[in-house]
1. How many residues does region 66-100 contain that are under 23 Å from P491 (Cβ atoms) and over 27 Å from the mean Cα position of the chain (by Cα)?
2. For residues in region 423-480 being of a type in the set (D, E, K, R) and touching a Phe, Trp or Tyr at 6+ places or on another chain (Cβ under 7 Å), which is farthest from F521 (Cα to Cα)?
3. Can you name every one of the strands (runs of 3 or more DSSP E) wholly within region 278-391 that holds 1 or more residues which are at pLDDT 95 or above?
4. For region 221-241, how many residues meet the condition of being modelled with pLDDT under 95, surrounded by fewer than 20 Cβ atoms within 10 Å (Cβ to Cβ), within 24 Å of the chain's Cα centre (by Cα) and closer than 17 Å to Y432 by Cβ?
5. Since D163 meets every condition but one in (1) farther than 21 Å from Y246 by Cα; (2) within 18 Å of the chain's Cα centre (by Cα), which condition does it not meet?
6. Has region 203-217 got any residue that is over 30 Å from I520 (Cα atoms) and of a type in the set (K, R)?
7. Please pick out the residue among I367, I306 that is assigned by TED's automatic domain parsing to the domain that holds T438 and hydrophobic (A, V, I, L, M, F, W, C).
8. Can you tell me which condition G415 does not meet? The list is (1) surrounded by fewer than 20 Cβ atoms within 10 Å (Cβ to Cβ); (2) within 12 Å of L106 (Cα to Cα), and all the others hold.
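The values are calculated or read from the model by the stated rules, or taken from the named source; none is laboratory data. Predicted model only: the values in this text are computed from it and were never measured. Reconstructed Cβ throughout: ideal geometry from the backbone, glycine too, with neighbour counts over all protein chains shown.
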Amino acid sequence: MCAVFARIVMEPRLFLRFILAATSLNTIHAQQSLLDSLMGLIRGGLQDPEGIPYDTRVFKTEYDFIVVGAGSGGSVVANRLTEVPGWSVLLLEAGGDENFVTDIPLMASYAQLLGINWGYRTEPDENYCRGMVGKRCRWPRGKVMGGTSVINYMVYTRGNRRDYDLWEELGNNGWGYKSVLPYFLKSEDIGIPELMNSSYHSSGGYLNVQEAPWRTPLAPAFLEAGQELGYEVRDPSSESQLGFSYVHATVRNGSRCSASKAFLRTIRNRPNLHIAKKARVTKVLINSKTNEAFGVQFVKNRCTHIVRAKKEIILSAGVFNSAQLLMLSGVGPRQHLEELGIPVIKDLKVGYNLQDHVSMAALAFLINDSVSLIEGRLLSNLSYGLDYIINRNGPLTIPGGAEGIAFIQTKYINGSQPEDPDYGWPDLEIVYGPGALTGDTVGSLRTGLGITEKVFRQVFGPVAGRDAYGLVPIILRPRSRGRMKLRSKDPFHAPLLYANYFEDVHDLHVLVEGVKYVSIFAYMCAYFEKGTEQGFRFL
């Protein structure tokens with residue numbers, strides 16, 4: 001590390017660029033200039049010791065398995081399959097490698113602006129996303145080694161045991177909670193001291209699960225506030241999910257631990273694993289007589305390749321791209337495929353049953369103490385950046401700006417008593433962050449969310465730059481169902497995404513209940529009354 005600072009002194013031009021960038025933080029470009037300068041200073045000294053996976057350029061004509069997509073699913077599948085030395089695996093990823101910015105937990109919103117995001121947006125609708133640019137909500141999806149685990153907010157939640165048991169009740173044998181828990185334990189390397197001996201956690205796995213090494217003074221009070229309202233502070237992955245907790249995150253020593261870092265970099269030298277980056281799969285090859293998939297077609301470096309699979313093809317290209325590939329390959333709704341001139345191999349309802357956990361991310365509560373995360377303050381204070389580079393500590397280690405999480409039950413669920421059928425099955429999640437859109441002084445957060453400047457100025461303009469915290473209610477079990485359709489039969493055209501938010505009015509009622517709850521939470525709890533304007537100011 002001494003060599004890094006020696007370069008600051010020895011290379012005045014680089015140092016000047018660094019200072020200029022730090023003092024001109026009015027645009028996204030200025031921020032990127034600062035980050036580029038930081039990268040120039042540390043390149044070579046802070047490389048991941050595991051190294052990045054190799055990029056295959058020469059392919060065999062046939063592999064035992066072909067895995068499409070190197071995200072949270074594909075990374076694990078490729079890892080597990082190549083444990084068998086006699087099996088050959090080709091892993092195809094449409095994107096390239098991660099970078100230094102994606103490693104920084106607090107920079108999650110920036111990571112979504114760096115060209116490693118598919119950039120999907122919902123189709124316009126008058127009933128939702130009305131404050132977004134073009135009345136279209138942004139649905140970030142990672143186009144990179146590690147997939148969306150490279151651009152998400154890193155919050156580690158497994159889901160509720162009732163969700164898995166319901167899947168099994170619907171006929172999916174082996175998907176009950178007792179069946180899947182051993183696999184969570186197998187993959188995990190818990191780094192939270194008080195959970196080291198928990199039967200719901202394990203160590204020695206590939207995926208690091210830790211808490212941020214640094215917290216604002218607001219974080220412990222969030223838990224205290226939950227206790228004031230009668231909730232326990234508990235591990236959300238334990239016997240019961242109901243309660244409050246610090247955020248458990250997929251981070252490793254203060255940096256993001258993506259699926260690629262966890263499951264692929266550690267096995268990059270396995271001779272039976274070939275990984276192709278920037279390889280866009282355009283079709284799954286299916287025998288129309290036997291309905292058996294036997295290979296894939298993909299494009300890499302503007303050349304089209306066809307590779308066959310001896311055993312299986314695993315689609316793990318994400319919720320949208322996997323469905324898109326199926327329909328492009330002739331598996332999907334007959335009427336829709338025939339409208340686009342795609343020969344139908346199997347008439348299935350691919351693209352239906354689309355569900356999204358709609359949330360309300362614009363709730364801000366003003367405080368008088370200078371303890372929250374404000375963009376300009378963070379970027380202008382060089383000590384924060386240096387603390388992260390040298391110690392992997394400080395505010396830049398907060399995963400996506402989220403410090404606390406809570407799972408609660410609203411009045412719309414029959415689960416207030418242990419004997420009730422839905423007891424212990426929350427329908428609302430609340431994410432607490434020591435910052436809000438009031439602190440989005442440069443614009444990365446609202447740009448990432450797609451909020452219009454008009455809405456931002458009207459709601460947050462009068463208090464822009466003020467300290468505030470945010471509480472985000474999120475629906476856990478939406479009843480509304482959207483749909484995904486092909487835009488055309490061109491595989492390079494983005495699909496059509498219809499969110500259909502609030503199509504079932506029950507979802508709206510639950511979300512409104514969530515807004516009421518966080519308002520009461522902020523008003524009643526002793527901690528959040530301290531140092532606020534008249535207890536709190538709700539925007």
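1. So the count comes out to 0.
2. Step one: filter region 423-480 for residues of a type in the set (D, E, K, R), giving 427, 429, 440, 446, 453-454, 457, 466-467, 477, 479.
If we keep only those that are touching a Phe, Trp or Tyr at 6+ places or on another chain (Cβ under 7 Å) as well, we get 427, 429, 446.
Values: D427: 17, E429: 14, R446: 25 Å.
Here the residue is R446.
3. Those strands (runs of 3 or more DSSP E) span 279-287, 292-300, 303-315.
4. 0
5. That leaves (2) as the condition not met.
6. no
7. Values: I306 fails: assigned by TED's automatic domain parsing to the domain that holds T438.
The unique qualifying residue is I367.
8. It fails just one condition, (2).
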